[in-house]
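A.B. asks: Supplied in structure tokens, the structure appears directly below.
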Amino acid sequence: MHLIRTAVLRTLAVAATCLGLAATAEAQITVFAAASLKNALDEIAPAYETETGENLAVSLAGSSALARQIGLGAPADVFISANTDWMDRLAEDGAIRPETRVELLSNRLVLVAHRPAEAVVIGPALDLAGLLDGGHLAMALVDAVPAGIYGKAALTSLGLWDGVAPMVAQTDNVRAALALVASGEAPLGIVYASDAVADPGVTVLGTFPADSHPEILYPAALTTRAAPEAAGFLDFLQGPVARAAFERQGFTVLTE
């Protein structure tokens, strides 16, 4: 009986060890990030994995959708938002670690077209409805997604919103708005400058005045449920490799 019990215990120990190794091998850092960060993170994630041996899982969507998922308990370790409001809400709900929060990036808002066209001056005198010529203006959700919120604020401050509001085609995130313009389904769209860099299928017609909308900031932070190794990725986002990738994609890096 003693030999049988010993054998069983050894078997269980080996099984537990194997399960532990498997869990370690499958462990990963889960990053929830604004859709506009796709191209930059496509560069940064493999560089981090190569340097550290850690595995990253990057989930991209509108900041509002990601923040809601985190608030409901989604297993994210790092959150990068395209505006401060959604990060503030998670902080108020105790879903992020406020001491880890950093203002990572800034961006600009641009008007893009499907076809090459002459540049325009974006201001109160712009005939945006005339430029649309009966087509749609592609924008991210104007009451929820940061790019859409910034875009509506800019158009409103310039006195252009009422004239084009019925022509706006809203999408779940800014990359979906970009895709509508790149495919020709919408003649014009409002996206980030970094999005325009990422897609050769669009032409930038003009940049919105910085004072026409709130400052575009991308805060990043660890969630309250973040694994210890996630802090290393947050540090990496502020390092030279990530900085170079962000700048190549049209972002302004705010960290030193």
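A.B. asks: Please list the non-local residues whose amide H lies under 5 Å from the amide H of residue 168, H modeled 1.01 Å from N, same-chain partners needing a gap of 5 or more.
C.D. replies: 137
A.B. asks: Just to be sure I understand the model, the point goes 7 Å from the Cα along the line to the Cβ. What's the resulting residue 169 to residue 72 distance in nm?
C.D. replies: Going by the 7 Å Cα→Cβ label model, 2.8 nm.
A.B. asks: How large a share of the accessible area of the chain, in percent, is made up of carbon and sulfur atoms when the probe is 1.4 Å and the other protein chains stay in place? Intermediate values should be presented prior to the final figure.
C.D. replies: Numbers: 6740 of 12080 Å².
C and S atoms contribute 56 percent here.
A.B. asks: Okay, next question. Which FRET efficiency, nearest 0.05, do residue 127 and residue 238 yield, Cβ-Cβ r, R0 35 Å? Mind dumping the intermediate values first?
C.D. replies: Details: r = 43 Å, r/R0 = 1.22.
Computed FRET efficiency for residue 127 and residue 238: 0.25.
A.B. asks: So for the pair residue 247, residue 224, with labels modelled 7 Å out along Cα→Cβ, what separation do we get in nm?
C.D. replies: 3.8 nm
A.B. asks: Okay, moving on. For the chain, return all DSSP H helices satisfying: extent of Cα atoms along own axis at least 24 Å; mean Kyte-Doolittle hydropathy at least 0.0.
C.D. replies: Working: long enough: 2-26 (36 Å, 1.12).
For the chain, where a helix must reach 24 Å along its axis and average at least 0.0, the hits are 2-26.
A.B. asks: Could I ask something else about it? Please find the FRET efficiency linking residue 99 to residue 143, where r is the Cβ-Cβ separation and R0 is fixed at 30 Å, and quote it to the nearest 0.05. Walk me through the intermediate numbers first.
C.D. replies: Working: r = 31 Å, r/R0 = 1.03.
The formula returns an efficiency of 0.45 here.
A.B. asks: Nearest 5 is fine: what % of DSSP beta bridges in the chain come out antiparallel, could you say?
C.D. replies: Details: 19 of 34 bridges.
Bridges in the chain that DSSP calls antiparallel: roughly 55 percent.
A.B. asks: Now for a different question. Please list, in chain and number order, the residues 5+ apart from residue 206 or on another chain whose amide H is under 5 Å from its amide H, with Hs placed from the backbone.
C.D. replies: 111, 120
A.B. asks: So for the pair residue 162, residue 49, with labels modelled 7 Å out along Cα→Cβ, what separation do we get in nm?
C.D. replies: 5.2 nm
A.B. asks: Using Cα pairs closer than 8 Å and at least 6 residues apart in sequence, work out the relative contact order for the chain, in percent.
C.D. replies: Working: 474 pairs, mean separation 71.7, N = 256.
RCO, the chain: 28 percent.
The values are calculated or read from the model by the stated rules, or taken from the named source; none is laboratory data. Remember, predicted model here, so these are calculated numbers, not experimental data. Virtual Cβ from ideal backbone geometry, glycine too; neighbours counted across all protein chains shown. To get the accessible areas, we keep the full protein, side chains included, count just its heavy atoms, and leave off ligands, DNA and RNA. Shrake-Rupley method; radii C 1.70, N 1.55, O 1.52, S 1.80 Å.
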